[in-house]
Structures are given as structure tokens and as C-alpha cells.
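Report on one structure; see the data block that follows.
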Amino acid sequence: MTIFRILNDMFLNIVAATVPIVVLQILVFPNVANHISESSYGLLIAIYSLINIIPGTIGTTLNNIRLLHSNKYSENNYVGDFMILVFIGSVLNIIAISIGTVIIEGGFNITNSLIVIAISIFALLHDYLMVEFRIKLNYKLILIDRLIMSFGYIIGMIIFILTKNWYFIFLIAHFIGFIFVAFKTSLLKENRIKTPLFSFILKDSFLFLVGAFLLRLTSYADKLLLYPILGGASVAIYYSATILSKMVSLAITPINSVALSYLSKLNEKPKKLFWKVFILGVFVCFTGYFLSIILSETILKILYPMFVDEAIKYIYITSASTVLHVLGSIIQPFVLKFCSMKFQIVINSVDVFIYTGLSLLLLNTYGLMGFCIGVMISKIIKVIMLLLVYATSKNETIVLQ
């Protein structure tokens, strides 16, 4: 496990994450925004956020739990548990995504609901099955997967132009992504049986799911909170104000996936490595922040000329919030691997409470700018909590019996 191999995998994973981001944010979303109203575009962003929160959380939870405990299953020659968990997760997903779609759309539309449910199932299964690539440290296949999904977004955009139904953008991309990983992995063929580890894994999955849900909620809830309060136009403006910093952050955070894959092989808490990574993260985030500030207005004029005058007012605050979120996500894999799972729930619960309470309080007083300031303050507090937990907690890497 050489440093060159690790850096190479990080590079591949960054490229893998960047390609679909560029396709969505530079090509697909601006094109769609030019063909639909502000309120409809706000609805699109809200549904996109919902998909990332619900199936994204469940699929990623199962992915990470399997990754963290893969060695113990291999050592004991156990095969099972996870297809049962996938079934349970799929049922929870269908219920939650159905309710969420009705709330966001303000009513029940059977066609739209069925399409969103289908998208969510493909997304959940895709995110879980990807774990086989991570266990085998095969980041070339992860890159190929992202290229295929990016192609799906483009095909979906073409179908949108013909049908004016933007739901197909997500449906096509997640469907072909699922088909690819289903053929390239063997996990769907596993026995649907319980092993002696099932009870522990079920409990650990629940704790991780709660923590991951709270984490994703703070990543995407801004659009979901703003949509019913201020309407689709404000969501469109806010999303435009965060566009470049989000692209920078989404290009950086794939490092976490690689980091957790390699940290899963360790049993001792690497204190020196943590602080080196943290200092590097601070440098990267400062660089990303200033890049966002310098380039945002030019990028907005190209991608979202209809929103640029309003969106530019919020750039300094939204960019700061995003890079603070990235800094927290750089610390997260260390806390996840070497600290008790309860800290995930405590930290993320406090974060959601502060995020929601403070941003809504300031929203009522100062409007959209107040909301942005509230989000930024919550990100500062989150980073401080993560640092304190890792620095003060004992090594609590879980050893299964």
C-alpha cells in the first residue's frame, strides 16, 4: 500500500466525482433552467436534494458499514446479512420518498411519484453495490461507472428537450448506473441469510443511518427548507449562488471515500496523520474559497445569467459555508473509523438543531441573507465539534466477536 497508490486512487476518485458534477452543473442544469420557469427549476432542485438525502443516505450507509466490517466477514467466511438489510432499506426508502415527493410537490401525482420511486431504488442499489469496488480498491471501475452515469445525464437531457419532463434526466442516469454495477459486481447474488454478525451489523447500520441522514440533511436541506417558505425562485437564486463552491467541494470530498477505504485497514488511531490531513485540508479549503470568490461572477454570467444579479450578493457567505462543510467532511472519516458511533449521532443531531433553528430564525429576520449566515455559523460549530471529539476520545475501533 504505497503512497503513490493512495494518491493515484484519490486522483481517480476525484476525476470520477468531477465528471458527473461538470455534466450536471455546467451542461444539464443550466440547459434545463433556460427551458422552464424559476419555480419549476426550484422544484427540480428540491427533488434532486430529496433523492440525495433518502436513497443516497440508505445506500451509502450500507456501503460504508460493509466496507468497515468487510475484513471480519472474510476472516470468518461469512456470507449474508446485507441483502436482508438492502430489502429493509428499500422498503423504508419507498415509504419516505413517496411522502417526501407529495410534500414537495404539494399534492399527489401518480406518474411523478412512480418515477421518483424508481429513481430512488436504482440510486440506493447503485450506491450499495459500489462497495465491492471500494473493498477491492478498484477506482478505475468507479471512474468508468461515473462516466456511464454522466452519459445517462446527457441522454436524459435530450429526452427532457423532447418531452419537457426533467424527471427522466435522473431516471436514465441512475438506471444505467445500476445496470453497470449489477453486472460488474456479485453482491446481488449473495445468500439472503443471517450470519452470527447480523444483530451487531443491524444495530451498527441503524446508528450509522441516523448519523448519515442527519449529515446529508444539513448538506441538502437548505433547498428543501427554502422551497416551501420562499418558493422556487429563491431556491433557484440560492442554488445559483452556491454553484461554483459546490462544484469545488464535490470535487474535493471524494478524497474521503478513498481515505475511509484505506483507514478501514487500520486498527490504531493515527494522530499524526490526522493533524497532517487537517492542515492540508485547511490549505485546500482556503484555496477553494478564493477560487470560488474570484470565478463565481464570471461562471454565473455564463451559466445562469437570469440569476446572476441576485445570486452574487450571497457568494462570500455561501462559499464560506461550503468550504467549512468540506473541511468537516475531511475530518469525518477519522471520527467515523476510530470514535464510537454514538458521536456520529450526537454531532450530527446538534448540527441539525443549530442549522435548522439558527438559519430559520435569521431567515425570518434578515431574509435569504440571514439564512445563509445561519448555515455558515452551523458549519463552524460542526468543525469544532469534530475536532474536539477526535482529539479527546479514546480509540474505539470496533472489534467484532
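The values are calculated or read from the model by the stated rules, or taken from the named source; none is laboratory data. Fair warning: this is a prediction, and the values are worked out from it, not measured in the lab. FYI the Cβ positions are ideal-geometry reconstructions off the backbone, even for glycines, and counts take in every protein chain you see. The accessibility values were calculated without ligands, DNA or RNA, using every heavy atom of the protein model including side chains. Shrake-Rupley method; radii C 1.70, N 1.55, O 1.52, S 1.80 Å.
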Of (1) within 18 Å of the chain's Cα centre (by Cα); (2) under 15 Å from Ile380 (Cβ atoms), Gln332 fails just (2)
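Criterion first (assigned to a helix (DSSP H, G or I), open to solvent by 10 Å² or more (accessible area, probe 1.4 Å) and out of contact with any strand residue (DSSP E or B) (no Cβ under 8 Å at 6 or more places or on another chain)) does Val15 satisfy it?
Working: assigned to a helix (DSSP H, G or I): yes; open to solvent by 10 Å² or more (accessible area, probe 1.4 Å): yes; out of contact with any strand residue (DSSP E or B) (no Cβ under 8 Å at 6 or more places or on another chain): yes.
Taking the combined requirement at face value, the residue satisfies it.
Residue by residue, here is whether (1) of a type outside the set (Ser, Thr, Tyr); (2) open to solvent by less than 30 Å² (accessible area, probe 1.4 Å); (3) farther than 30 Å from Ser39 by Cα; (4) touching a helix residue (DSSP H, G or I) at 6+ places or on another chain (Cβ under 6 Å) holds:
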residue	(1), (2), (3), (4)
Met83	yes, yes, yes, no
Leu92	yes, no, no, no
Ala96	yes, no, no, yes
Ile99	yes, no, no, no
Ile104	yes, yes, no, yes
Asn109	yes, no, no, no
Ser113	no, yes, no, yes
Ile119	yes, yes, no, yes
Phe122	yes, no, no, yes
Provide a single number: the residues in region 32-51 that are under 25 Å from Ile144 (Cβ atoms) and either open to solvent by 30 Å² or more (accessible area, probe 1.4 Å) or touching a Leu at 6+ places or on another chain (Cβ under 9 Å) (or both). 1
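Could you name every one of the helices (runs of 4 or more DSSP H) located completely within region 278-395 that has at least 1 residues being open to solvent by 40 Å² or more (accessible area, probe 1.4 Å) and within 30 Å of His69 (Cβ to Cβ)? Give the derivation first.
Numbers: elements: 308-311, 315-338, 341-392.
Answer list for region 278-395: 315-338, 341-392.
Inside region 158-187, can you point out the residues that are of a type in the set (Val, Ile, Thr), in contact (Cβ under 8 Å) with a residue 60 or more places away in the chain and open to solvent by 60 Å² or more (accessible area, probe 1.4 Å)? Spell out how you get there, then give the answer.
We begin by selecting, within region 158-187, every residue of a type in the set (Val, Ile, Thr); these are 158-159, 161, 163, 169, 172, 176, 179, 181, 185.
Next, from what is left, pick out any that are in contact (Cβ under 8 Å) with a residue 60 or more places away in the chain: 161, 169.
Of everything in region 158-187, just one residue is of a type in the set (Val, Ile, Thr), in contact (Cβ under 8 Å) with a residue 60 or more places away in the chain and open to solvent by 60 Å² or more (accessible area, probe 1.4 Å), namely Ile161.
Take Val131 and tell me if it is open to solvent by less than 20 Å² (accessible area, probe 1.4 Å), closer than 23 Å to Arg146 by Cβ, modelled with pLDDT of 85 or more and touching a helix residue (DSSP H, G or I) at 6+ places or on another chain (Cβ under 6 Å).
yes
Before we move on, is Ile155 under 21 Å from the mean Cα position of the chain (by Cα) and either at pLDDT 95 or above or open to solvent by 10 Å² or more (accessible area, probe 1.4 Å) (or both)? Show your work before the answer.
Values: under 21 Å from the mean Cα position of the chain (by Cα): no; either at pLDDT 95 or above or open to solvent by 10 Å² or more (accessible area, probe 1.4 Å) (or both): yes.
No; evaluated as a whole, the condition is false for this residue.
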